[in-house]
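Participant: What follows is a structure written as structure tokens; I'll ask about it next.
The values are calculated or read from the model by the stated rules, or taken from the named source; none is laboratory data. None of these values were measured; they are calculated from a predicted model. Here Cβ is always computed from backbone atoms with ideal geometry, including for glycine, and neighbour counts include all displayed protein chains.
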Amino acid sequence: MRKPNLIIGKKQIILAGLSLVLGIAVYMNYVFAEVGEEIAVNAEVRQTAESEKVNYGDAAFVNSENGEEAQEVSVDADPSDYFAQARLSRMTSRDDAVQTLSAILNGGDLTEEENAAYTMEAVSLSQLSESESKIESLIKAQGFEECVVYLDGETASIVVRSEGLAADQAAQIKDILLTEVTIPSENIRIFEVK
């Protein structure tokens, strides 16, 4: 009989290191997303979400090129619920993506090229999560009460709470975004929730 080889190979070290980096990125996103105490989901909220479709906040689209406001949409709901729900939804979808990538990477039947591609996708996902958290913090530092940033690598959507978003404020938000990520200006959308 052959003895089991206890030497750890390069692949195992790389896979363990990437899994560790991915785990740290998810943890940092959880810590910096500040959703732990803000979201208290109870039976009433679940029942409302299941029984009726609810739109949150007064939303206005601000074109990123010239700062003109588009048509406003009015709905009756608490905007803080919108931001909490948006963060929860984003975190849930990212956690699902991370779990799927981890399952694929740990499957063991991948070629080196496929493994490298999935690993790069996992790293990209963690970088997007970190960038979203950092951009949200910087936007809040500019005086906005609440904001949520959605990045997918090619587009960016930013939702801010504001009572009348001015063109210079939209330009500030756009500058903050462009210092962190490289996205074409025409793919940046800024939304206002009152």
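Participant: Quick check: is even one residue across segment 155-166 in a helix (DSSP H, G or I) and of a type outside the set (Lys, Arg)?
Facilitator: No - not one qualifying residue is present in segment 155-166.
Participant: For Ile183, state whether it is at negative phi, more than 14 Å from the chain's Cα centre (by Cα) and free of Cβ contacts under 8 Å to residues at least 60 places away in the same chain.
Facilitator: In short, yes.
Participant: Can you confirm whether Glu44 is assigned to a loop (DSSP other than H, G, I, E, B), surrounded by fewer than 15 Cβ atoms within 10 Å (Cβ to Cβ), over 15 Å from the mean Cα position of the chain (by Cα) and at pLDDT below 75?
Facilitator: no
Participant: So which of Asp175, Asp95 is part of a helix (DSSP H, G or I), under 20 Å from the mean Cα position of the chain (by Cα), at pLDDT 90 or above and under 22 Å from Phe32 (Cα atoms)?
Facilitator: Going through Asp175, Asp95 in turn, just one is part of a helix (DSSP H, G or I), under 20 Å from the mean Cα position of the chain (by Cα), at pLDDT 90 or above and under 22 Å from Phe32 (Cα atoms): Asp175.
Participant: Considering each of Val160, Val98 in turn, give the residue that is within 17 Å of Gly23 (Cα to Cα) and surrounded by 15 or more Cβ atoms within 10 Å (Cβ to Cβ).
Facilitator: Val98 is the lone residue from the list that is within 17 Å of Gly23 (Cα to Cα) and surrounded by 15 or more Cβ atoms within 10 Å (Cβ to Cβ).
Participant: OK, next. Could you tell me which numbered condition Thr119 fails, if it satisfies all but one of (1) farther than 24 Å from Tyr30 by Cβ; (2) surrounded by 18 or more Cβ atoms within 10 Å (Cβ to Cβ)?
Facilitator: Against the list (1) farther than 24 Å from Tyr30 by Cβ; (2) surrounded by 18 or more Cβ atoms within 10 Å (Cβ to Cβ), Thr119 comes up short only on (1).
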